[in-house]
Amino acid sequence: MQIIGRIFESNETRLTVENGKITGIGGEGSGEALDFGENMILPGFIDVHTHGAMGVDTMDATDEAMQTMKKHMADHGVTAFLPTTVTMPTEALCSAIRKAKEHAKGEGAEILGVHLEGPYFSPKVAGAQNPAYLKTPDITDIDTLLHAVPGFVRIMSLAPETEGAPEAIAYLRRQGVVVAMGHTAATYETAKQAISYGVTQATHLYNCMTPLTHRAPGVVGAALESPSVYAELICDGVHVSPTAAKIAIRAKGSDKTVLISDSMRAAGMADGDYDLGGQRVIVLDGVARIEDGNLAGSTSNVLDCFRNVVKWGISFPEAVHMASTNPAAAIGAGEKGNIRVGYDADFVVLNPQLELVATIIGGKVWEQA
């Protein structure tokens, strides 16, 4: 198959795709051709932090939930994602991991693994995580989660100041799991120690972590200062102001910033009452909050976040790296996030107005319902 259009970061206009892989860039080519004209062909977007959408949630652990999420992602230019859990009992988390694995391939966006957001968080910074199920890290408990589907947990977010966290971080890294710090009241010093133990990501930077102040740099300061740490950003215009987002991007560099949706089940739905981890969520004017007023994830998607950062003044190439290349690199998805020979043929096609023209997953055009 030939795919024709303006290829991101290339002077060529033609891609050759065979068996779901990019086999050529440029040249004349032959066979069936998809011609997108002057529209831009980008590497597919990857969302490494999304709880749900269209009325479903990762923790539902049902076929319907996974299929709905996969279709919703593809409908919005996301070609691969990590269904993300919330703080719940171990048995429920294991069920969610297993169900996600069952639907890793097939129709819609590909599931690359699971992001476990919790349950090892600080009760001081629970946010919308259910405090009833918070606990301190325990290797036996972690082992149970990792063995629900061996090798399928890609990220675990935890609070590095909790008892047992240093041992947990080191253990998770030995198991090949990316460790992120989030929902944490840690000091700058504790956060830096955690980074030395193996933390390489900050969960939704700024939100639910100690802020950067002039005498106490906090977790935000540690994340921004450390070259090895990727920073997740929810650029929905609610969780982080445009100015704060731009400051973070400039501090981290566009190669260490990852756009995420942190979407919950109300994404793509009307205002109303929903739930997250057993807690009531009220969505008003598209903003989701639990009853105490804390934000409860977003109703956005990575495509909208991408458009936002471009509107806020971030360059188009930087925004593409933050939505595609960086999330793939952050989780070690080595054949995704770039348009290169040998990489997966996952693309998002946008017109000059940044409207979605097509989502292509494994070389096949996604037909939106």
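The values are calculated or read from the model by the stated rules, or taken from the named source; none is laboratory data. Quick caveat, the model's predicted, so the values are computed rather than measured. Every residue, glycine among them, receives a Cβ derived from its backbone with ideal geometry; neighbour counts consider all protein chains shown. Ligands, DNA and RNA are excluded from the accessible area calculation, which covers all protein heavy atoms including side chains. Shrake-Rupley method; radii C 1.70, N 1.55, O 1.52, S 1.80 Å.
Structural remarks
- Output for segment 166-194, where each listed residue is crowded, with 20+ Cβ neighbours inside 10 Å and under 30 Å from ALA104 (Cα atoms): ALA168, ILE169, LEU172, VAL177, VAL178, VAL179, ALA180, MET181, GLY182, HIS183
- Scope segment 91-128; condition among the hydroxyl-bearing types (Ser, Thr, Tyr) and in contact with a strand residue (DSSP E or B) (Cβ under 9 Å, 6 or more places away or on another chain); matching residues: TYR120, SER122
- Members of segment 338-354 found to be touching a residue at least 60 places away in the same chain (Cβ under 8 Å) and either among the polar types (S, T, N, Q) or open to solvent by 10 Å² or more (accessible area, probe 1.4 Å) (or both), listed by number: ASN338, ILE339, ARG340, VAL341, GLY342, TYR343, ASP344, ASP346, ASN351, PRO352
- Filter result (crowded, with 20+ Cβ neighbours inside 10 Å and either closer than 23 Å to PRO327 by Cα or not β-branched (Val, Ile, Thr) (or both)) within segment 131-144: PRO137
- Some residue of segment 152-165 being over 24 Å from ALA296 (Cβ atoms), open to solvent by 10 Å² or more (accessible area, probe 1.4 Å), of a type outside the set (Phe, Trp, Tyr) and in a helix (DSSP H, G or I): no
- As a summary of the residue check, PRO217 satisfies the conditions (1) surrounded by fewer than 19 Cβ atoms within 10 Å (Cβ to Cβ); (2) more than 20 Å from the chain's Cα centre (by Cα); (3) farther than 26 Å from VAL114 by Cα except for the one numbered (1).
- Residue check, VAL357 under 10 Å from MET40 (Cα atoms), at pLDDT 95 or above and open to solvent by less than 30 Å² (accessible area, probe 1.4 Å): no
- Selected residue (criterion: nearest to GLN129 (Cα to Cα)) from residues of segment 256-282 that are open to solvent by less than 30 Å² (accessible area, probe 1.4 Å) and in a loop (DSSP other than H, G, I, E, B): GLY277
- Filter pass, ARG307 being of a type in the set (D, E, K, R), in a helix (DSSP H, G or I) and at pLDDT 95 or above: yes
- Cβ pairs under 9 Å, 6+ apart, first in segment 166-180 and assigned to a strand (DSSP E or B), second open to solvent by 30 Å² or more (accessible area, probe 1.4 Å) and polar (S, T, N, Q): VAL178/THR200; VAL179/THR200; ALA180/THR200
- Just one of the listed residues (VAL240, VAL177, VAL229) is within 18 Å of ALA128 (Cα to Cα), under 19 Å from the mean Cα position of the chain (by Cα), at pLDDT 95 or above and among the β-branched types (Val, Ile, Thr), namely VAL240.
- Flag for MET54 being under 21 Å from ALA109 (Cβ atoms), in contact with a His (Cβ under 9 Å, 6 or more places away or on another chain) and open to solvent by 60 Å² or more (accessible area, probe 1.4 Å): yes
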